[in-house]
Amino acid sequence: QRGLLLEGFSAPDLYAKDTMNGLAIIEDLGSESIVNADGPIPERYGAAVLALAELHKLDLPKTIEMVPAPYTIPPYDLDALTIEAELIIDWYAPHIAKAFPASGARAIFVNLWREILQEIIDGPQTWVLRDYHSPNIIWLPEREGVKRIGMIDFQDCVIGSPAYDVASLLQDARVTVSDALEMKLLGQYLRQRKQDDESFNVEAFARAYAIMGAQRATKILGIFARLDKRDGKPQYLTHLPRVKHYLQKDLAHPALAAIRDWFATHIPCVLEKDEV
């Protein structure tokens, strides 16, 4: 929160806090969304993706000066990314797909992900808010520029690929972002990044976007299956066709051919088309 405010973005201001008792009084940014009954509002989604472009062009610190002690943002490292991808085997495969990959198949799955994710680790790094999607973005029309985008639920921020939050927004798990709108918004982001930095590698970002989108969708399929099976929240199952569609698009990228082949062999229903 402090870091975002210092960089000129709209996050809830902190009015008072009691650290010992875990209490805080924070600014209420309101409840005006970037979606309506018809789905994404293109103008507002455009502002949200350009806010990411603005954030990602900055040289952001890994440590935020805080009281009583500085806070170092943790890395979104290889182990964390891989463990998240494995959630699809732990929960979606047995509960939804009725598939039970053997230990050898699981080992291959993990190795494939670690190999492709290593290039993400070695690539550009920035603040990853992790839950940058419609439920956590507040529209603030009275403000200007990037400040029109109110950001909440960033307590799990890590240092990782800028492509993750872009995929989180444009492949929203709870709201259908059409293929056409996704490509339009991705194009806006890429153009802005290139305008801000001529050395920005569009092709490399598009590859990272597919990889991060696939990792995130794989994780979410596992999480939503777990929310149903373990936590008794079947309402999350309604989102599975949408997330599958995003995953299928991401897996079409040549960089992910081996992982797509793994799914075809061990959890083939992931690649089957559903009504979104």
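The values are calculated or read from the model by the stated rules, or taken from the named source; none is laboratory data. The shown structure was predicted, so the numbers you read here are calculated from the model rather than taken from an experiment. As a convention, Cβ positions derive from the backbone with ideal geometry for all residues, glycine included, and neighbour counts pool all protein chains shown. Ligands, DNA and RNA are excluded from the accessible area calculation, which covers all protein heavy atoms including side chains. Shrake-Rupley method; radii C 1.70, N 1.55, O 1.52, S 1.80 Å.
Ordered from largest to smallest accessible area (heavy atoms of protein chains, 1.4 Å probe), the residues LYS249, LYS184 come out as LYS184, LYS249. Could you point to the residue in GLY8, ALA53, LEU29 farthest towards the positive end of region 4-108's charge dipole, with +1 and -1 charges on the Cβ of Lys/Arg and Asp/Glu respectively? In region 4-108, that residue is ALA53.
A dipole drawn for region 127-251 from +1 and -1 charges on Cβ atoms has a positive end, and of GLY222, PRO234, VAL158 the residue lying farthest that way is PRO234. Mean residue ellipticity, 222 nm, helices only, the chain: the sum of -39500 (n - 2.57) across DSSP H runs of n ≥ 4, divided by residue count and rounded to 500, is -14500 deg cm²/dmol. With all pairs of separate Cα atoms included, region 158-273 yields a Kirkwood hydrodynamic radius of 15.1 Å. Between ILE26 and TYR15, the built amide H atoms are under 5 Å apart, and every one of these is 5 or more places off in sequence or on another chain. Bridges between two residues of the chain, per DSSP, are antiparallel at a rate of about 90%. Taken about its Cα centre, the chain carries a charge dipole of about 640 debye when Lys and Arg each add +1 at the Cβ and Asp and Glu each add -1 at the Cβ. The percentage of C-alpha pairs in region 213-256 whose separation is greater than 14 Å is 46%.
Note: relative contact order over region 115-262, using C-alpha pairs below 8 Å and six or more positions apart, is 22 percent. Across VAL110, VAL67, VAL177, mean-square fluctuation computed from a Gaussian network of the chain (C-alpha pairs under 10 Å connected) peaks at VAL67.
The stretch between SER103 and ASP59 holds 11.6 nm of extra length on full extension. This uses 0.36 nm per residue minus the Cα-Cα distance.
Its residues counted as N, region 1-98 yields a C-alpha radius of gyration over 2.2 N^0.38 Å of 1.50. Ordered from highest to lowest accessible area with the whole protein assembly present and a 1.4 Å probe, LYS229, LYS57, LYS219 read as LYS229, LYS57, LYS219. Partner aspartates and glutamates whose Cα lies under 19 Å from the Cα of LYS184, excluding those fewer than 8 positions away in the same chain, are identified as ASP38, GLU43, GLU54, ASP165, ASP172, ASP196, GLU203, ASP250. Amide H contacts under 5 Å for TYR76: ILE159, GLY160, restricted to partners 5 or more places along the chain or on a different chain, H placed in the peptide plane at 1.01 Å from N.
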